[in-house]
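The values are calculated or read from the model by the stated rules, or taken from the named source; none is laboratory data. Because the structure is a prediction, the values reported are computed rather than measured. Reconstructed Cβ throughout: ideal geometry from the backbone, glycine too, with neighbour counts over all protein chains shown.
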Amino acid sequence: MGKYRNCVFVVVYKKNDDETKYLLLKRKLHWRGWEFPKGGVEKGESLLNAVKREVFEETGLHPIKIKKFNIKGKYNYKKMLSDRKGIIGQRYTLFSAEVRDNKKIKLDTKEHSGYKWFDFKKAIEKLTWENQKKCLALVDLYINGA
């Protein structure tokens, strides 16, 4: 029996005119595919500070607006990870983070090999995991309505 690592899922977006674009990162560490920024909550760290830190570490961006959603979930890793001994999966809380449209991405190349901004339809197609697709749909509903 193992433990779950507490983490935050962060749907990062930017708005210009009537268009919303979502930032997806191309994962290369532990598995391959598209995801939004996410990461573990450090000991003694608040969820809000974890969101700010993870978004900055993975993208170089500073959120201008953060919203916490009443959405939590958990998932198991497909395999044991050598850098996470005794951890069998992650328990997450969903957040959205708006960033400025004109800021340049500074990718954390240890975890990700690339990034792209997508509209909702393309982003939902690109995301790898079902739980992330559901999270994106909830955030999009919040931002853009029905």
Which of the residues that make up the stretch 118-136 are exposed (fewer than 13 other Cβ atoms within 10 Å of the Cβ) and within 15 Å of the chain's Cα centre (by Cα)? Glu130
Taking strands (runs of 3 or more DSSP E) that do not extend beyond the stretch 28-89, which have at least 3 residues that are exposed (fewer than 15 other Cβ atoms within 10 Å of the Cβ) and modelled with pLDDT under 90? 65-76
Complete set of residues in the stretch 112-134 that are under 25 Å from Lys68 (Cβ atoms), of a type outside the set (Lys, Arg) and in contact with a strand residue (DSSP E or B) (Cβ under 7 Å, 6 or more places away or on another chain): His112, Tyr115, Trp117, Phe118, Asp119, Phe120, Ala123, Leu127, Thr128, Asn131, Gln132
